[in-house]
1. Ignoring everything but the protein chains, give the 1.4 Å probe accessible area of LEU147 in square angstrom, nearest 10.
2. Carbon and sulfur atoms: what percent of the 1.4 Å accessible area of the stretch 312-469 do they account for?
3. Among GLN754, GLY348, LEU476, whose Cα projects farthest towards the positive end of the dipole of the chain, with charges put on the beta-carbon of Lys, Arg (+1) and Asp, Glu (-1)?
4. What does the charge count near PRO324 come to, summing +1 for each Lys or Arg and -1 for each Asp or Glu among other residues with Cβ under 12 Å from its Cβ?
5. Please give me the summed charge of the neighbours of MET642: other residues whose Cβ is under 12 Å from its Cβ, Lys and Arg +1, Asp and Glu -1.
6. With the Cα gyration tensor of the stretch 301-426 giving a ≥ b ≥ c as the square roots of its eigenvalues, does the rule (a/c under 1.5 for rounded; else a/b larger than b/c for prolate; else oblate) give rounded, prolate or oblate?
7. Can you give the local net charge around ASP136? Use residues other than it whose beta-carbon is closer than 10 angstrom to its beta-carbon, Lys and Arg +1, Asp and Glu -1.
8. Considering only protein heavy atoms and a 1.4 Å probe, what is the carbon-and-sulfur percentage of the accessible area of the stretch 635-784?
Amino acid sequence: MRPRRTLVPLALLASGTLATACTEGAAPPPAPSPDDSGKADGADPGAATCFAAASVPGAPVGLPAAIDLGGFHVTVDRDARLDVRHADTGARSIFASPATGPSLQAARADLTVEDRQGSFTTHDQVEVACGGAHVDDARAAGGALVLRGGFDDDAAACHAVRWELQLCQARPGHLAFRLTTDDPSFDRLTLRVASDRDEHVYGAGEQFGHDTIDLKGRTIPVLAQEGGVGRGHTPITQAVDLASPGSGGSEASTYAASAHYLTSRLRSIFLEDTAYAELDFSRDDATELRLWAPAMTGRILAGDSPLALIERFTEYAGRMPPPPTWLDGGAILGLARDLPQSRALIAGLRARGAAIAAVWNQTWSGKVRTFIGEQVLWNWVANPAYHPDWNDFVDDLAADGIRTLCYVNPMLVAPPDGVTVTRDLFAEASAAGYFVRKPDGSPYLLRVTAFDVGLLDLTNPEARAWMKAVLQDELLDGAGCSGWMADFGEALPFDARLHSGEDAARYHDRYPVAWAQLNRDAVDEAGRLGDVVIFNRSGGTRTPGASLMMWEGDQLTTWDKYDGLVSALHGLLDAGMSGLSIDHSDTGGYTSLSLQGLVGYEREPELLRRWTEMNAFTAVLRTHEGNQPDVNAQVYSDAAAMDHFARFTRVYRSLAPYRRTLFDEAATHGWPVVRHLWLHYPDDPVAQRTDDEFLLGSEVLVAPVKNKCWTWPWCPYDKQVYLPRGRWIHLWSGKAYGSTGGGTQVTVKAPIGQPAVFYRRGSAMAAPWRARLRAEGIAVPEPQ
């Protein structure tokens, strides 16, 4: 790697972090660090065992050939074209090389990564590319197939390089593959997979597609990074980019990226590698999996349904456990303000019937005033100078059955002059050498808005043990936190020097997984797993096995498809495809850009209410006051706002028994709590492309109102809804809609307080749910 560093202007309105650039050159990946930062990272024993079998010299196989590898049936010809089928899926091909063009490629390439405020731009310069692959040796041994060959391209370098592809069944339904060359300077490998023009593609982590969650026609960078501000929204993104180029983000920006996808043809593939990769779905006839590393390892999955494929993937990626039962009690109320005011707001909401399970306070560690306003003090210790009665606040809430949640991230700041703290974590970590370092060995301090921060080196076992002790001693015990937002995790510079000696460019997408795992381990080792809620925003391929819960990061306080309410819905639906089964968004969004409420935009009352209605039917209902709370509409703004919020906290609470069964399915099968219609109706072409509705489990269908009413509050509120096959009961009228013969389009009224919600006729959950709603004071009729 040949790093170079450049500074760029700071985007004051973004929540980004750093500003560096580096070039990733060819270097073989070191062995993973011998630590617990990757309990959810690396190859599982099944793959290790079957690849070991592939290293044994085997019997030659004539080509073309057909061979059984466990439950898989693989055919291959001399042009390295593969076709894979599985005993559980009949004659259907689950993987095939394209009919035209190369089946695999190897290239020498320089990848330049520009990092501005934690948003990344990549540039690839190819020196030589080889794609005319042929097989001249095929051998079978120990349940593995090993193909070896060369390239027929004109370039002399291509004639000299040899490639090898190993295939073996890692576990039932998982066909592992490993592609390498004998020349590590060929550091960009590509596997090409057949696709169809009308094939729909989902997954790749938590993707915020503008018009659809279908990834067909797009190229997805597998890179955890800042989401950006606007993600292409005109003129917001352009304005942010003027202040800090790249910080506005794009449609491809995501906090949680996964090298995994599945398609409407029930094909699913993922890469185990964490080096930078791209999933290129831009061609009609082929998908390209590109990895900037000299070795590519992955899996082809077999399943007879979309849910079966998600279950297969999460056998590798891991699964989220059920959250604590106290979460069933209502909403998580976000209040980042002084405690006396918080007490009054909580009391006012409860007096109007709000069900509150927890109060989340980001400022538990104190605030500092900078040139952009007040900011949380990133020193994860309770601050009696800012909250002198913090412990009384926590105890009083607990007496009312309400938990207290806090905030933390993997970065630390030195307390500014004049700020008193009981413990200086930055000084401790700096003295112990716990921060990531620059290439010259000095601490790599990252500029975040108005101050420099140190980023913990999670490859250092001592740093991890120290941070776990901080979480246990300062948050769980000292501050009485029953959980926290575990923010950030995307900021590792590509040219950083790590304690383990690993390449930071390859560890970048492992860092979010390691950060989630550290938080989970701290809680587990304290004996509090199952009692504490932690929600992460950053992620990688194996985040489902490390995180307890996800949230979607910072959306705009707008309706739009770029970075507002619609984008939050799209991200939620897509995340579930890649195993992020328990996920949610900030109710009402986070980022406003308003000058004294006069110029720009801020959260409107109608938007907040519609977002509340949507989130009441998801895994978590959590509010956020936003980055400009004084100009944003809040759930406590007035009596009408409080009544509406209270109503939907009780709707959320009424779903607790049913939602608990979905949490169990997430833990057992990896299935998402909130589901795209396609997951239960894979043969329905309309369901495949319906991205503005969702299923809560299989029994409840929700079609959120996603458009502003320009004459609010006087609106017709006619809502068009697609109902897949079956009879569905409209929750608020009891009227039956739909057809057992196929899907239907219907129109229902959806005024504020009555979003378009249906449940399946005859569902076992329906009668108990209606009874619980009535017990909550919410009138619903019997089905007609």
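The values are calculated or read from the model by the stated rules, or taken from the named source; none is laboratory data. Note that the coordinates shown come from a computational prediction; the quantities given were computed from them, not determined experimentally. Here Cβ is always computed from backbone atoms with ideal geometry, including for glycine, and neighbour counts include all displayed protein chains. For accessibility, only protein heavy atoms count, side chains too; no ligands or nucleic acids. Shrake-Rupley method; radii C 1.70, N 1.55, O 1.52, S 1.80 Å.
1. 0
2. The value for the stretch 312-469 is 50 percent carbon and sulfur by accessible area.
3. Checking the options against the dipole of the chain, the answer is GLN754.
4. Net charge around PRO324: +1.
5. Around MET642, the surrounding residues sum to +2.
6. oblate
7. Net charge in that neighbourhood comes out at +2.
8. Solvent-exposed carbon and sulfur of the stretch 635-784 make up 54 percent of the total.
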